[in-house]
Each structure stands twice: as C-alpha cells, then as structure tokens.
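Single-structure report; data block below.
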Amino acid sequence: MAQCTLKPDTEFTRALTEAGGESLKKCFQCATCSVACPMAPANAPYPRKEMVWASWGLKDKLQADVDLWLCHNCGNCSDLCPRGAKPADMMAAARNVIYKDLTSPSIIGKWMSKPSGLPFLFAIPALLWLVVWWIRAGYNGGEWFPRAANGRIVFGQIFYGDYTIDPIFMLTFFGACFILMRGVMKLWAMFKPEGGLTVIGKTKSWIWHLWDVLWDEVITHRKFDDCDDGPATQKSAPNRKNGHMLLVYSFCILAFVTAVVAIGHWGGKVIPMIKIETPMPLTFPVKILANIGALMLLAGLAVLTWRRMCLNPAKQVSSYYDWYLLGIIWLVAVTGVLAQCLRLADVIEPAFVVYYLHLVFVWMLFAYLPWSKLGHFVYRTAALVYVRMYGR
Ligand code: SF4
Ligand code: SF4
C-alpha cells in the first residue's frame, strides 16, 4: 500500500488562526460547505478539503491549491456550516497568509498583518513627504505655506509635480508592479491543482483567458451573481456586487484622470496645445470626471463598510486585512476631498497639512499594494487565468 507522509506546519496553523481562521478546529468534515458553495466545481470541490488541510497545518497543500483563489468570500458556506467553523474566513485567512509571504522584504508583510505594524507603515511615507516639504520650504525662503504669485493656494508650490510627486509616485508604482510580478510568478509556480480535466483539442491563448477573467470578474462582476444565486442563507446585508463595482469603476476613472493630467502636463511641454494647468477649475471636464470618481469611491466605500458592519459575527468576521484596506482607501478619499475643499475655502495651513496626509496615504496604498488585500486582486486574477487555462 502506498504511504503518504504528512508534514504539519504548526507555525502556519498559528498564522492562519491570527489572520482570522480561529474557528477552523470546529470543523467535523460534514461537507455542507462544499455543497453550499456556488463557485465550487463538481470535481474536488471546496472549501471542505481546505478546512482539513488547514487544521492539519498542511501549508504545502494550501500553497499549491488554486481553488483557494476561486473563492469570492461570499460567506454562503459559513452561513450554512452547522458547526460555526467559518470556512469563508479560513479561505480568506489562508490567502492572506500565503500572499503576504510571496514577496520580499517580508518585514512589510509582518507589519501589514497586525495593528502594531501600522506606525512603521505610516512613518516611512510621513518622513519621506516631510523631507520633500522641508527641502521645498527651503527653496521658498523658509516659507512652509507659500501662496502662488496670484495669491491662490497651489499645492505644487511645495509638492512640485516635476521633481517630487511624479518621480516619487512613478518609482513607487513601477516598484510595486515589479514586486507583484515576481509574486505572481512564484504563486503560479506553486500551483498543483486537484481534480484536473484533460483539455482535448485546441486551447485558447492565455491572453483570451485573461480577457474572460477581466470580463467576468472585473468589468461585469457577473460571477458575483452566482454567489447571490447560491442556497438561501437568510442574509440581509447591502449588496456586495454594487459596492465592489462602484469601487472598481471609481479607481478606473481616477486612474484615467491621472493619466490625462500627466499627458497634459508632460505632453504639454512638447505640444503646448494639449497643456493642462493645475489646479484645474471645477468646471473643467477632467475635474468634473475626477469629482464624479471621488463621489463613486465614497459611495462604494460606504456600501462595503456598512456591509462589513452588518455581518453576523457568529458566521463571518472581518479580519484586520479587510479593515486595513477599507481604512486606507477611506483615508485617501476623505483627505483628497477635504484638501480640495480647504483649498477652495482658502485656509492655507490646514489645506497643506491635509494634502500632505493625502500624499502619505496614497503612497501607503500603492507602495504596500503587494502585501495588502489589494494585491489579492492581482494574485487572484493570475490564479483565475491559470484555472481557466488548466480547464478546472
Ligand atoms: S466547515 Fe462546517 S460545513 Fe464545512 S465541513 Fe467543516 S463543519 Fe462541515
Ligand atoms: S465564501 Fe462563498 S465562494 Fe468562498 S468557499 Fe464559501 S461559499 Fe464558496
């Protein structure tokens, strides 16, 4: 008879427990969750098998488990679990523990995993932008809150785009992309799917699978309907699909606006006709679009925050990772809107301080992306492309 040696990793089980999977030991393997999950495929369904791997500390199995990334965290399985083992929380905890270790420096992943790391995460950009402020104030004859020649508040007087904001955010963004890419390659190399299908005939290129994933998961959020079409769970929480769509579309609008302003600014140096001056007037179309994006962001955040507050703690709880991401996006949105209001109200000191905080929070959002729940979006997309290519 073939023998199988199990290598339990107790440190991994402890990390899972800390990341939100503390109820997993209650599982008695009834498989109700796998039946309840609207996403699980018929061959080797989840999350029952993941529950047993997690409680045995089988880190290798969970790391190689592509199914972990198919889960939409809808909570149907937890609602119907007769033991209160919270399988949805365990699936989220396993993803958090795995992707936090995919990238280096791992110290950031450690800081990201608990509130005690927050002061370090905040201190890095706070110091960075303070040094920028101090240097620029030196150029302005020691003036920390200078006005433009026409007497208006212009944040660029201190946080000058060409030499501070643009290069710092470019480096941060592309640095985060590079770290994420390495993380994705590492994750992809670890996958060893259970219950594969043999794909006969011509298969599609990965690029078309990526398009299918973007269409189903990002653009239309169609897969979220499958969660709602699952077994009745008597849940009454705000619609997660609407909150997610508002957030995703607002990010797209704000990214588009940023790109247009960057093209207008840098392109305007070569083609003066396309030059965009900042700050833009409130009636300028790009500014109108930016403010629509900001309002959608606030609305999406409100829906998702309210939904998390409505969760029944006996069935599903929000982890520190969930609150960290929601919190940082709230701070980015609120400081962005507030900085604009204070600038228009012409109160110079608070306007500059709030704008400084806005830069700190935006930097935190992008620089720590590979270790935060937002990085999950990229890892998950990669995993979904993988499962479609694999034929799961
Ligand atoms: S998590 Fe709950 S529903 Fe799933 S197998 Fe364990 S006890 Fe059953
Ligand atoms: S949270 Fe939803 S998608 Fe994830 S395993 Fe449970 S039922 Fe399936």
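Values in this text are rule-based calculations from the coordinates and carry no lab data. All values reported here derive from a predicted model rather than from experimental measurement. Ideal geometry is used to build each Cβ from the backbone, glycine not excepted, and the neighbour counts take in all protein chains shown.
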Handout entry: the chain: relative contact order in percent, alpha carbon pairs under 8 Å with at least 6 residues between
Key = 24 percent
Fill in the blank from the handout: CD proxy, 222 nm, the chain: helix-only mean residue ellipticity via -39,500 (n - 2.57) per DSSP H run with n ≥ 4, per residue, nearest 500, stands at -18500 deg cm²/dmol
Handout entry: Kyte-Doolittle mean at least -0.5, axial Cα span of 30 Å or more - DSSP H helices of the chain
Key = 118-139, 166-190, 240-262, 285-310, 320-344
Completion exercise
Once phi for every residue in region 8-24 is put through the Karplus expression 6.51 cos²θ - 1.76 cosθ + 1.60 (θ = phi - 60°), the whole-Hz ³J(HN,Hα) values, with Gly and Pro written as x, are x, 10, 5, 5, 5, 4, 5, 4, 4, 4, 5, 7, x, x, 5, 8, 5
Problem - Projected-area mean, region 1-90, by convex hull of Cα positions, square nanometres - result: 6.1 nm²
Completion exercise
Expressed in Å to one decimal, the Kirkwood Rh of the chain from all distinct alpha-carbon pairs is 23.1 Å
Practice task
Would you work out which of Ile263, Val286, Ser372 lies farthest towards the positive end of the dipole of the chain, given +1 charges on the beta-carbon of Lys and Arg and -1 on that of Asp and Glu, about the Cα centre?
Solution key: Ser372
Handout entry: Asp65 long-range amide H proximity, modeled H, under 5 Å
Key = Lys192
Fill in the blank from the handout: Among Lys59/Lys86; Lys61/Lys241; Lys186/Lys373, the pairs whose Cα-Cα distance exceeds 22 Å are Lys61/Lys241
Exercise for the section: Quick one: work out Rg over Rh on the C-alpha atoms of region 119-194, Rh as Kirkwood radius. Expected result: 1.25
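Mind ordering 97-104, 250-257 by average Cβ neighbours within 10 Å, highest first?
Top to bottom by mean Cβ count within 10 Å: 97-104, 250-257.
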